[in-house]
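The values are calculated or read from the model by the stated rules, or taken from the named source; none is laboratory data. This one's a predicted model, so the numbers in the text were calculated from it and none came from an experiment. Note that we place each Cβ from the backbone using ideal geometry, even for glycine, and neighbour counts take in every protein chain shown.
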């Protein structure tokens, strides 16, 4: 696999290298050892497949806070999407910066999204299928989101938004930098 750093700290575009013959092809699309060699946490606890019917649909921007922050490995296995991440790590040199990339079944790229980076995408084709693997279990109590059109972020989507969930359309706008409170202390456990 080929790992190419993005403009977001510890986020990578990943391309697989395949071998082929008259039967077809073979490619390794995940290897924990290769992820560790890049300094990434290769843990995968869930794999999700999201299908979207209509071109222009926007999903996101989602992330989880401690103690359930999650990494994601995202790839489009049918159709194409414009994938975007926003760094929500207050101590990161790329805090509140974003990165976007075209992921498609044709280009076979994947995007590694570090923990505490918000993630979302817009479908560029009808009937797009997105496969993503996560490094932590989904925890609704730790779920957070960013508004796709927050003026503070200046995200640019390639198409007019044709569909978006009510929840995604109504995430709060950024005000001051986000601070994370750990909801569990030793006194809470007594």
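Descriptive notes on the structure:
- Evaluation of residue 15 against the conditions (1) exposed (fewer than 13 other Cβ atoms within 10 Å of the Cβ); (2) farther than 17 Å from residue 117 by Cα shows that the sole unmet condition is (1).
- Screening the stretch 112-161 for strands (runs of 3 or more DSSP E) wholly inside it with 3 or more residues that are more than 23 Å from residue 32 (Cα to Cα) returns the ranges 117-123, 143-145.
- For the criterion of being within 18 Å of residue 114 (Cα to Cα), at pLDDT below 95, crowded, with 20+ Cβ neighbours inside 10 Å and touching a strand residue (DSSP E or B) at 6+ places or on another chain (Cβ under 7 Å), residue 73 fails.
- Filter result for residue 54 (assigned to a loop (DSSP other than H, G, I, E, B), touching a strand residue (DSSP E or B) at 6+ places or on another chain (Cβ under 6 Å) and closer than 14 Å to residue 11 by Cβ): no
- Residue in the stretch 20-36 that is surrounded by fewer than 19 Cβ atoms within 10 Å (Cβ to Cβ), assigned to a loop (DSSP other than H, G, I, E, B) and either within 13 Å of the chain's Cα centre (by Cα) or at pLDDT 95 or above (or both) present: no
- Number of the condition not met by residue 162 [criteria: (1) modelled with pLDDT under 95; (2) farther than 26 Å from residue 12 by Cβ]: (1)
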